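The values are calculated or read from the model by the stated rules, or taken from the named source; none is laboratory data. The model shown is predicted, which means the values in this text are computed figures rather than measured ones. Cβ: placed from backbone, ideal geometry, glycine included. Neighbour counts: every protein chain shown. Just so you know, the surface numbers come from the protein's heavy atoms only, side chains and all, with ligands and any DNA or RNA stripped out. Shrake-Rupley method; radii C 1.70, N 1.55, O 1.52, S 1.80 Å.
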Amino acid sequence: MSFEAEENSESLLCNRFSHISTFDSDCQCLNSCDNGQLLLSNFESEGPSLEASGQPSKELISMKAAPLSRDTCKEGNDQRTEIDLSDEEVAIRDLSSLPVEDDTERRVLCTRCRRPQKVCLCPFLPAHPLTVSTSLYIVQHPAEESRVLRTVPLLAACLPEDKCKVLIARRFGEERFPELASVCKKPSTFILYPGAEASNLEEMSLTDVQHPFSLIIIDGTWSQAKDIFYKNSLFRLPKQVQLKNTISSQYVIRTQPTNMCLSTLECAAIALSVMEKNTEIQETILRPLQALCTFQLQHGAQVHHSKEHLLKNGLYDKPLPKNKRKLKKMQFLVNNVKI
């Protein structure tokens with residue numbers, strides 16, 4: 001082919017593409033490398049069908065562009081994905097094709113007890129927030145937010161907003177939590193965490209302590225609470241206290257390490273009744289918890305015995321841990337040794 005003939009051929013080919021977008025918007029997929037190659041080969045095979053002016057007719061372009069519409073291109077990409085992509089990429093593609101969850105279909109929560117409206121526990125809450133002088137600071141592990149049956153929202157619903165503050169984090173530094181840091185430095189602040197250095201709250205004389213009191217409670221599993229307590233220096237400042245109360249937990253729809261372990265709501269109810277010298281506070285705060293457990297048990301939930309009970313009675317059906325530290329803890333439970 002001569003240089004002049006080759007130049008004319010290239011010019012004719014350019015003219016073909018320059019008129020495509022003018023005639024039909026479906027040819028926008030020509031921007032794709034693969035689609036452009038396919039369209040090019042189609043036009044090269046249809047040389048005799050060009051009009052006398054050297055321009056492709058609209059009918060021809062529509063006919064050639066139709067197989068390259070977005071739907072067709074998508075099908076081609078899907079076929080290529082099945083062959084070229086890994087199993088993980090195919091799985092991700094399948095997940096991305098699932099419909100997005102419609103927020104309107106989610107259960108509407110009660111603004112006070114934070115329960116679904118159909119199972120609202122507000123009838124079991126006090127008509128008005130309890131009058132207390134003690135301020136509660138619940139330092140909550142982030143994992144507790146995702147739990148369905150939580151007791152802290154019920155506790156907060158029983159108390160005034162300024163008397164029950166929930167702080168969510170793993171690490172509580174003075175810069176991020178200045179109010180908590182200031183409270184920890186006050187002599188009238190206590191932190192509820194059992195241990196050898198903790199004093200029994202029921203046996204303490206609070207007459208010499210300046211009012212009003214502040215009480216810090218850690219909300220999380222025992223391992224999470226231990227991590228928060230020992231890895232935050234702020235919690236070394238307040239007076240460490242524990243509950244001597246020997247009542248068994250009424251939160252029977254969740255497994256506890258021992259029979260004497262209590263939920264956050266139960267700890268707060270007992271501690272407030274002691275610090276406020278008002279036994280009615282404990283009864284009022286425990287009422288919604290009792291209603292929650294009763295409702296769950298009536299609708300298929302099972303009573304969760306403590307690990308201590310299961311181990312002592314040979315009912316623990318899970319494999320024993322291989323970790324020596326965890327195994328030692330289980331032996332402590334069986335031998336009535338305090339954790």
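Candidates are the residues of segment 238-248 that are open to solvent by 30 Å² or more (accessible area, probe 1.4 Å) and more than 27 Å from Glu175 (Cβ to Cβ); the one that is modelled with the highest pLDDT is Leu243. Every condition in (1) touching a Leu at 6+ places or on another chain (Cβ under 9 Å); (2) at pLDDT 85 or above; (3) in a helix (DSSP H, G or I) holds for Leu262 except the one numbered (3). Just a yes or no: is a residue in segment 167-185 closer than 21 Å to Ser133 by Cβ, under 25 Å from the mean Cα position of the chain (by Cα) and without any contact (Cβ under 8 Å) to a residue 60 or more places away in the chain? Within segment 167-185, one or more residues are closer than 21 Å to Ser133 by Cβ, under 25 Å from the mean Cα position of the chain (by Cα) and without any contact (Cβ under 8 Å) to a residue 60 or more places away in the chain. Filtering Lys338, Lys277 for residues that are at pLDDT 90 or above and in a loop (DSSP other than H, G, I, E, B) leaves a single hit, Lys277.
Residue by residue, here is whether (1) loosely packed, with under 12 Cβ neighbours inside 10 Å; (2) within 26 Å of Ala225 (Cβ to Cβ); (3) modelled with pLDDT of 95 or more holds:
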site: Glu105; (1), (2), (3): yes, no, no
site: Cys122; (1), (2), (3): no, no, no
site: Ala127; (1), (2), (3): yes, no, no
site: Val132; (1), (2), (3): no, yes, yes
site: Tyr137; (1), (2), (3): no, yes, yes
site: Leu149; (1), (2), (3): no, yes, no
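Report every pair of residues separated by at least 6 positions or lying on different chains whose Cβ atoms are under 9 Å apart, first residue within segment 212-234 and over 26 Å from Glu276 (Cβ atoms), second of a type in the set (Phe, Trp, Tyr). Pairs found: Lys226/Tyr193; Asn232/Phe172. The residues of segment 182-192 that are part of a loop (DSSP other than H, G, I, E, B) and open to solvent by less than 70 Å² (accessible area, probe 1.4 Å) amount to a single one, Ser188. Residues in segment 221-237 that are among the aliphatic types (A, V, I, L, M) and under 23 Å from Thr151 (Cα atoms) were compared, and the one that is modelled with the highest pLDDT is Ile228. If you go through segment 280-313, how many residues are polar (S, T, N, Q) and in a helix (DSSP H, G or I)? Of the residues in that region, 6 qualify. Taking segment 193-218 as the range and being open to solvent by less than 10 Å² (accessible area, probe 1.4 Å) and assigned to a strand (DSSP E or B) as the test, the residues that pass are Leu215, Ile216, Ile217.
Restricting attention to segment 131-153, report how many residues are more than 14 Å from Pro288 (Cα to Cα) and not in a strand (DSSP E or B).
Result for segment 131-153: 12.
For segment 154-181, the set of residues classified as part of a helix (DSSP H, G or I), surrounded by 13 or more Cβ atoms within 10 Å (Cβ to Cβ) and not hydrophobic (A, V, I, L, M, F, W, C) consists of Lys163 only. Kindly evaluate Leu272 against the criterion of being among the aliphatic types (A, V, I, L, M), closer than 25 Å to Thr189 by Cβ and over 27 Å from the mean Cα position of the chain (by Cα). Answer is yes for this residue. Checking each residue in segment 219-233 for being charged (D, E, K, R), open to solvent by 80 Å² or more (accessible area, probe 1.4 Å) and closer than 19 Å to Thr258 by Cα picks out only Lys226.
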